[in-house]
Every structure is written in structure tokens, then in C-alpha cells.
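Engineer: This is the structure I want to talk about, given as C-alpha cells.
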Amino acid sequence: MMTNHGNRITQGQFSFLPDLTDAQITAQIEYALKNNFAVSVEYTDDPHPRNTYWEMFGMPMFDLKDAAGIMMEINNCRKTFPHHYIRVTAFNSVRGVESPAMSYIVNRPKNEPGFMLQRTETRGRQIQYTTRAYVTDKPAGERH
Amino acid sequence: MPPTEPESVQTPTPVTSVDLRKEMAEVGIAEVLDELDRELVGLLPVKTRIREIAALLLIERIRKQMNLNTESLTLHMSFTGNPGTGKTTVALRMANILHRLGFVRRGHVVNVTRDDLVGQYIGHTAPKTKEILKKAMGGVLFIDEAYYLYRPENERDYGQEAIEMLLQVMETQREDLVVILAGYGDRMEKFFQSNPGFRSRVAHHIDFPDYTDDELLSIAEIMLHDMSYKFTDRAREAFVRYLDLRKRQPLFANARSVRNALDRMRLRQANRLFHDLDRVLGVDDVMSLDESDVLASRIFAPSGDGVKKPAGNG
């Protein structure tokens, strides 16, 4: 991919930027809390872009006043899954919106082998394209 | 998001002189302390301790501005005293003071008891305690009747798990939250004896004394004033006698008992007014608590000074 050097997966906000520092993550969480979003931490080891629902690390956090509590949870998740993708999602529960308003990656594996573009020839020599992450050759839990 | 600049770029050159009065006005700490003096009756030793702590915090703030070496302060406190001596009220003020001085980021108070921290079955306690701790981050965690966390008679009690989590966070995240433990004096003493980890992590032990009769009376007057009521002169005299008798009964809970007594007097006053339907009531009638409203209390019952009914809240 032209703009994505180094095979980093680019999902969610800020994914074309260098990794966020903890101070930057804290600032983003504070923005979410200011807007009354419920923040949650999620992880996965399947980087496919269509893998929408990641595993939840604990419950979504409602009624928090300060980012420190969520940072604590992020660090816990990093400790438990050091080689997984971890993202922070902020859910906006306002009626009519009711969907994630923010989502960004806060942890990624050191080695991201990227995706393979698979071409399948079908009827009339038509080509179907699909992408497949190299890591998903291995079973879940042994991927990174 | 624009990348935040490294902190060293933003720090201004260290100041070399600070006008203490100006600094105090800037953080508005004097107002809070004056408010404390004005709105809380009595509690002299408590106010003195809070002033001392506030002074320490203010100086620490100035030292920080001067780029002097500042050890991160341990601000966890324990409030001990009998029921109704204003521990919760002072905890709220304390949160305000800490917030103004920048030692907690939000200044909210999360008020919990054993039930909020300790779970019912194995594996329930840790998430519950963690949830509360996360909510309290950036503010003050007020644990009322903290000694219930520790139940020595049951060695499989889950309270110990909550205590361990609390201790760990109290130590490692001192800049994120301040824990205030509250409870009755003698039982807190026992609690600290059996949990030495707590004693050493709590820097300020503040003891709340009981109120004197005069203080209780002025508390009553302030409460009545807030509710737009007042005593007639004779009612005030009767109330002084009431306090004297009530204090000798068991389960006397200082200001809380006063509040309950006032609520009952309001009830009697309303009934008294209601009985005479033909009257035209003025503002004064509706506002005044009469002697008879006070004297109708069970405490004045002739049978043995009311001592016979210890359950009486009177």
C-alpha cells in the first residue's frame, strides 16, 4: 500500500500517525469523558478489516470522571495481551446516535506481517479478490 | 490531534519569589477555609488540622513552582469520631480544598461502604473494588465505617481482598486519588491495629470531638434557619432542656439526632396548626416552632425521665 509503509494496519482514528503516547491517549480519553461517552477497551489478534467485533476487556466504563481509571485498564490489558491489537472505543449513547464515536489502536504487535491479496478465477475468467492476514494461518492465541 | 509538546518546553522558568497572599487568593483556598469556619459549628481541632494541611499543600505548590524537589505527598486520611460529628461533610470540603490546590484533578467524592467494595462470592470482590476505584480516580474515595472491611472472625471473608487492592492503589497511584477512611474512634483503632499497612499509608489522622450543648443549639438554629423555621424564645429554652435529656440517652448521634428531633417537631407543629381549622395563619405562625412542639417529646415523659425507652429517638 502506498501510504502505509511498514505494513502497519490502519484502522480507526490516528492510525496513519505514529503510535500515540500515553499522554496523548489520556488526552483523547479526557475528550471522550467530557462528551459523556462510555469508554471501553477491546483486544484481538485477527487484524482483518472486516473483523469488527473485538473481544471486550472488562465491561464498558460508565460514570467515570477521570482518565486515570481507563489508563489503568489499558495498562492491565497490555500486560495480559502484550502482542495483541488493543483499541479504545468510546460509545455515544445519545438517542439517535447510539454508536461508537471514537475508536483508536493503543497497542499493536511488534511484528505485523500484513495481508495477502488472493485472486480467485471464477466463471468467465472473472477475478474475485479477497485479503487474508498472514497471521491467521496460525490458530488464535499463537499469532503474534 | 496535534502532538503534545514535550513537557520541558512548556515549563516556565522557575520563579524565585512568591507573594503568599496573592497565591492564596489565586487558588481561592482562603474562601474555602472561611466557609469551613462559618458553616461548620465547633470542631476546632478538625479545623486546625485542615488549616495545617492546607498550609502544607500551599507551600508544596509554591515549591513546585520554584522547581524545588517535591516528594509526592501522601494525602490519605482517616476521620474518627462519634456518629453525627460531621465526618462526611468535612470530607466533601476536603475534596474541594484538594481540588483547588491541584492535588486531585476533579474534586468529586465517591462515598462507599463495605457493600460497595466487597463481593458476595469468590471472584466478585476484585472487579467490584476495581470499579469503585476507577470511579474515584481523580477525586476522593470516602470509605464510611471502614472497619467493616476487616472481619477477623471469618477468615474466609472477602474483605481482605478489597483491603489488599485498596492498599496497592493507595501506594502506587497516590497522585490519582485520595482515600479517606471514616468510622468510630475505638473500632478504627482496632482496624488499624490489625491492618498495619493501612496505618502507615494514612498520613493524617483527624479526630472529630463531640459537640457541646451550645454548639448543638447553634447547629439546630442553623438547620431551622435553612428550612425557614425558627424557635420561639420559650421553645428554645425547652430545646436546651431536651438536648440535655437526650444526650444522656443511648444512641445519641450529635447533629444527626438534632436533625431528627427537628423533623419530629415540624411534624408536631403541622399537626397543632391543623387541629384549629378556623384560624387564619400568618407567616410567623407557620415559621415558629412552639414550646409545646418541643415538650411533646417522649423524653419529657414523666416515667423515669424517658430513660426506660432507650430505643427512643425521642
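The values are calculated or read from the model by the stated rules, or taken from the named source; none is laboratory data. Owing to the predicted nature of the structure, the values given are computational and were not obtained by experimental measurement. We place every Cβ from the backbone using ideal geometry, glycine too, and count neighbours over all the protein chains shown.
Engineer: So if I check each of B:T85, B:T89, which one is farther than 21 Å from B:R174 by Cα and buried (at least 20 other Cβ atoms within 10 Å of the Cβ)?
Structural biologist: B:T85
Engineer: List pairs: first residue in region B:202-217 and in contact (Cβ under 8 Å) with a residue 24 or more places away in the chain, second residue among the basic types (K, R) anywhere in the structure, Cβ distance under 6 angstrom, at least six positions apart or on different chains.
Structural biologist: B:I206/B:R49; B:F208/B:K87
Engineer: Let me ask something else about it. Report, by residue number, each residue of region B:44-73 that is of a type in the set (S, T, Y) and at pLDDT 85 or above.
Structural biologist: B:T48, the sole residue that qualifies.
Engineer: Residues being aliphatic (A, V, I, L, M) and within 25 Å of B:L243 (Cα to Cα): count how many of those fall in region B:269-298.
Structural biologist: The qualifying residues number 8.
Engineer: Right, something else. Output yes when any residue across region A:67-74 is closer than 30 Å to B:L141 by Cβ, surrounded by fewer than 17 Cβ atoms within 10 Å (Cβ to Cβ) and within 12 Å of another protein chain (Cβ to nearest Cβ), and no when none is.
Structural biologist: Looking through region A:67-74, none of the residues is closer than 30 Å to B:L141 by Cβ, surrounded by fewer than 17 Cβ atoms within 10 Å (Cβ to Cβ) and within 12 Å of another protein chain (Cβ to nearest Cβ).
Engineer: In addition: Could you list, in sequence order, the residues of region A:33-51 that are in a loop (DSSP other than H, G, I, E, B), of a type in the set (D, E, K, R) and surrounded by 19 or more Cβ atoms within 10 Å (Cβ to Cβ)?
Structural biologist: A:D45
Engineer: Still on this structure, I have one more. Against the conditions (1) away from every other protein chain (no Cβ under 11 Å); (2) surrounded by 12 or more Cβ atoms within 10 Å (Cβ to Cβ); (3) modelled with pLDDT under 95, where does A:M2 fall short? Just the number, please.
Structural biologist: Result: A:M2 fails condition (2) only.
Engineer: Follow-up question, since we're still on this one. Which residue out of B:L73, B:L68 is without any contact (Cβ under 8 Å) to a residue 60 or more places away in the chain, more than 17 Å from B:R21 (Cα to Cα) and among the aliphatic types (A, V, I, L, M)?
Structural biologist: B:L68 is the lone residue from the list that is without any contact (Cβ under 8 Å) to a residue 60 or more places away in the chain, more than 17 Å from B:R21 (Cα to Cα) and among the aliphatic types (A, V, I, L, M).
Engineer: Now a separate question. Go through (1) part of a loop (DSSP other than H, G, I, E, B); (2) within 14 Å of chain B (Cβ to nearest Cβ); (3) in contact with a strand residue (DSSP E or B) (Cβ under 6 Å, 6 or more places away or on another chain) for A:C77 and report which single condition fails.
Structural biologist: (1)
Engineer: Name the single residue, out of those in region B:117-146 being in contact with a strand residue (DSSP E or B) (Cβ under 9 Å, 6 or more places away or on another chain) and surrounded by fewer than 22 Cβ atoms within 10 Å (Cβ to Cβ), that is nearest to the other protein chains (Cβ to nearest Cβ).
Structural biologist: That would be B:E131.
Engineer: I've got another one for you. Checking A:V88 against (1) within 12 Å of chain B (Cβ to nearest Cβ); (2) among the β-branched types (V, I, T); (3) within 26 Å of B:T129 (Cα to Cα); (4) out of contact with any Leu (no Cβ under 9 Å at 6 or more places or on another chain): exactly one of these is not met. Which one?
Structural biologist: (1)
Engineer: Checking A:T21 against (1) more than 10 Å from chain B (Cβ to nearest Cβ); (2) out of contact with any strand residue (DSSP E or B) (no Cβ under 7 Å at 6 or more places or on another chain); (3) at pLDDT 90 or above, which single condition isn't satisfied?
Structural biologist: (1)
Engineer: Restricting to region B:152-183, what's the tally of residues that are among the β-branched types (V, I, T) and modelled with pLDDT under 90?
Structural biologist: Going through region B:152-183 one residue at a time, the tally reaches 1.
Engineer: How many residues are within 18 Å of A:R50 (Cβ to Cβ) and among the aromatic types (F, W, Y) when one looks only at region A:85-144?
Structural biologist: Count: 4.
Engineer: Next up: For the list (1) under 30 Å from B:P14 (Cα atoms); (2) away from chain A (no Cβ under 14 Å); (3) assigned to a loop (DSSP other than H, G, I, E, B); (4) of a type in the set (V, I, T), I need the number of the one condition that B:T85 fails.
Structural biologist: Unmet for B:T85, out of (1) under 30 Å from B:P14 (Cα atoms); (2) away from chain A (no Cβ under 14 Å); (3) assigned to a loop (DSSP other than H, G, I, E, B); (4) of a type in the set (V, I, T): (1).
Engineer: Does region A:52-63 contain any residue that is surrounded by fewer than 19 Cβ atoms within 10 Å (Cβ to Cβ), within 14 Å of chain B (Cβ to nearest Cβ), part of a helix (DSSP H, G or I) and over 13 Å from the mean Cα position of the chain (by Cα)?
Structural biologist: No, because not a single residue in region A:52-63 is surrounded by fewer than 19 Cβ atoms within 10 Å (Cβ to Cβ), within 14 Å of chain B (Cβ to nearest Cβ), part of a helix (DSSP H, G or I) and over 13 Å from the mean Cα position of the chain (by Cα).
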